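Engineer: Handing you this structure, nothing more for now.
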Ligand SMILES: Nc1nc2c(ncn2[C@@H]2O[C@H](COP(=O)(O)OP(=O)(O)OP(=O)(O)O)[C@@H](O)[C@H]2O)c(=O)[nH]1
């Protein structure tokens, strides 16, 4: 080999090496820029926005790929023959369609990638995959029986989730204990296993302080039967214990904190949760390391081994991911407010040499089942997005027993008319007007300030002052009545029994009211009807109930400033070396 050949080989090696360094710097810069960019959650896109956005995206991709994109077919005809089909029949058909298409309701997958890919290539591939995913969801909506509720449409937020899923061994899906299945995303579990079969998902059933012990028992049974790994937890209770405080809100039932030795039913404390997370995640790390060792011994490839387990926290906005991380870390590291969607970037926190936590921004996953109003009432869409406040308040009125609302607010709701089903929940208008009347909320128009009332009631519903919870699927109303310690539910059951009954004058008169009674009632159904109850509330009570309302929490700054180091991808990392008191594996009693 001549000298000139050696030189050119050397030069090309150096060139290649420099090229690789430049590429990794570019990638680092790219992710840093992503980090600096203020990420906005996008869940609402009108048809026209979607068309413009998708057309722009398609054109951009065309330029990149030099190939034609399939034009998007978007059905703008929202009119359908649905009006001729009875609502119930329509809902039944909808349910069948939803079940048929359940498997299409996926979270977007990150396209395959390798470290050798350029930043532009990665970016274009991810955008293309995301566009395909959006297209798939649009095509689902072409089916007039399928209605997709608002979901996250910002690719950069999904990118955060992809990275958390990839790096985590144990993925903790944080859900609200009051309706765990509403906040669960089974496809996310499937996706995590697609990335790596060894990854495990655990349901962290947070806000368990708002759930009576016997309801917890029923959910524990359901989770066990369905092979779901779960833990009951209360970030707020753990934080209070850490600070030596007591949870003292008047609506919190002492029964919810009943001591139990059953590890499935007990609400975990901070140290217990840390130990359990570390134990579960370390099991995965052990399996992975032993597989890596055997691969390395059988081939020339060296598989990467590591001892630190990564636990990623994912879930809908507002379920308490940041509160959980703060409680586990033992100090405020991520901002907590009652406004959904504040966590914009994932953050890693080193707890010990064996355990690292990773907090992901909250994501609204695509779903068929819930209405936008249910999503507002469940705290996953901000109350500010509420345009039809009565619809959202109807969700509250349907889920909280009438007597409970009356007792929490010290109000008297108008009773159902004689010709109405006596067990019917209050109408949103009745609740809003009674509430306004009792508190003297009047808008500038002189009418009850329903918007203000709706916001306050929703805050109470989300915050737990208005108690409500779902039972596991298959639970009958009788079981529910067991756990609802109110006479109102007995009334409801009695009401439904009498409705079913075929004998009895009272029942008949309830079903077929006299026309005079109906006209009488209709003429009396006016604003005054709602205002009547105001007389019952004394000025003293009004002041007291004003005091009961929590001031809305101010939006706090996130603590990205405290990030003091970076990981290999240029992502921020906060080091909080803090060995939990009890790091050994949790003994299952
Ligand atoms: N009752 C009760 N409330 C809780 C608990 N944990 C969190 N919260 C409340 O739930 C709200 C949301 O908590 P966050 O920790 O900010 O929720 P998040 O999941 O990080 O929200 P995003 O940043 O939007 O993803 C706050 O008002 C918390 O006080 C809990 O264990 N019990």
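Engineer: Could you give me the residue pairs with C-beta distances under 8 Å whose first residue belongs to region 447-466 and is farther than 16 Å from residue 375 by Cβ, whose second residue is in a strand (DSSP E or B) wherever it lies, and which are 6+ apart or on separate chains?
Structural biologist: Here the result reads 448/442; 449/442, each pair linking region 447-466 to a residue that is in a strand (DSSP E or B).
Engineer: Shifting gears a bit: Contact list please: Cβ distance under 6 Å, first residue in region 319-330 and free of Cβ contacts under 8 Å to residues at least 60 places away in the same chain, second residue more than 6 Å from the ligand (Cβ to nearest atom) and part of a loop (DSSP other than H, G, I, E, B), pairs at least six apart or on different chains.
Structural biologist: These pairs meet every condition: 322/334; 325/334.
Engineer: Looking at region 418-427, is at least one residue in contact with a helix residue (DSSP H, G or I) (Cβ under 6 Å, 6 or more places away or on another chain), within 16 Å of the ligand (Cβ to nearest atom) and either at pLDDT 90 or above or not in a loop (DSSP other than H, G, I, E, B) (or both)? Before you say what the answer is, go through the steps one by one.
Structural biologist: Step one: list which residues in region 418-427 are in contact with a helix residue (DSSP H, G or I) (Cβ under 6 Å, 6 or more places away or on another chain), which gives 418-419, 422-423, 425-426.
Then drop every residue that is not within 16 Å of the ligand (Cβ to nearest atom), which leaves none.
No, because not a single residue in region 418-427 is in contact with a helix residue (DSSP H, G or I) (Cβ under 6 Å, 6 or more places away or on another chain), within 16 Å of the ligand (Cβ to nearest atom) and either at pLDDT 90 or above or not in a loop (DSSP other than H, G, I, E, B) (or both).
Engineer: Among the numbered conditions (1) out of contact with any helix residue (DSSP H, G or I) (no Cβ under 8 Å at 6 or more places or on another chain); (2) surrounded by fewer than 20 Cβ atoms within 10 Å (Cβ to Cβ); (3) within 30 Å of residue 235 (Cβ to Cβ), tell me where residue 446 comes up short.
Structural biologist: (3)
Engineer: Taking residue 411, is it within 26 Å of residue 182 (Cβ to Cβ) and in contact (Cβ under 8 Å) with a residue 24 or more places away in the chain? Give the steps one after another, and end with the answer.
Structural biologist: Numbers: within 26 Å of residue 182 (Cβ to Cβ): no; in contact (Cβ under 8 Å) with a residue 24 or more places away in the chain: yes.
Taking the combined requirement at face value, the residue does not satisfy it.
Engineer: For residue 434, work out the one condition from (1) assigned to a helix (DSSP H, G or I); (2) under 30 Å from residue 140 (Cβ atoms) it doesn't fulfil.
Structural biologist: (2)
Engineer: Just one of (1) within 16 Å of the ligand (Cβ to nearest atom); (2) modelled with pLDDT of 90 or more trips up residue 280, so point out which.
Structural biologist: The number of the failed condition is (1).
Engineer: Identify the residue in region 365-382 that is near the ligand (Cβ under 10 Å from one of its atoms) and surrounded by 22 or more Cβ atoms within 10 Å (Cβ to Cβ) and, among all such residues, is modelled with the lowest pLDDT. Working first, answer last.
Structural biologist: Taking region 365-382 as the starting set, the residues that turn out to be near the ligand (Cβ under 10 Å from one of its atoms) are 379-380, 382.
Cutting the leftovers down to surrounded by 22 or more Cβ atoms within 10 Å (Cβ to Cβ) gives us 379-380.
Values: 379: 89, 380: 86.
It comes out as 380.
Engineer: So, one more: Determine whether region 291-303 contains at least one residue that is under 30 Å from residue 376 (Cβ atoms) and either more than 15 Å from the ligand (Cβ to nearest atom) or at pLDDT 80 or above (or both).
Structural biologist: Applying the first criterion (under 30 Å from residue 376 (Cβ atoms)) to region 291-303 yields none.
So far as region 291-303 goes, no, none of its residues is under 30 Å from residue 376 (Cβ atoms) and either more than 15 Å from the ligand (Cβ to nearest atom) or at pLDDT 80 or above (or both).
Engineer: Moving to a separate point now. Go through (1) away from the ligand (no atom under 15 Å from the Cβ); (2) at pLDDT below 85 one by one and return the number of the condition residue 352 breaks.
Structural biologist: The number of the failed condition is (2).
Engineer: Report every pair of residues separated by at least 6 positions or lying on different chains whose Cβ atoms are under 8 Å apart, first residue within region 99-118 and more than 18 Å from residue 194 (Cα to Cα), second surrounded by 14 or more Cβ atoms within 10 Å (Cβ to Cβ) and modelled with pLDDT of 90 or more.
Structural biologist: 117/125
The values are calculated or read from the model by the stated rules, or taken from the named source; none is laboratory data. This structure is a prediction, so every number in the text was calculated from the model and none was measured. We place every Cβ from the backbone using ideal geometry, glycine too, and count neighbours over all the protein chains shown.
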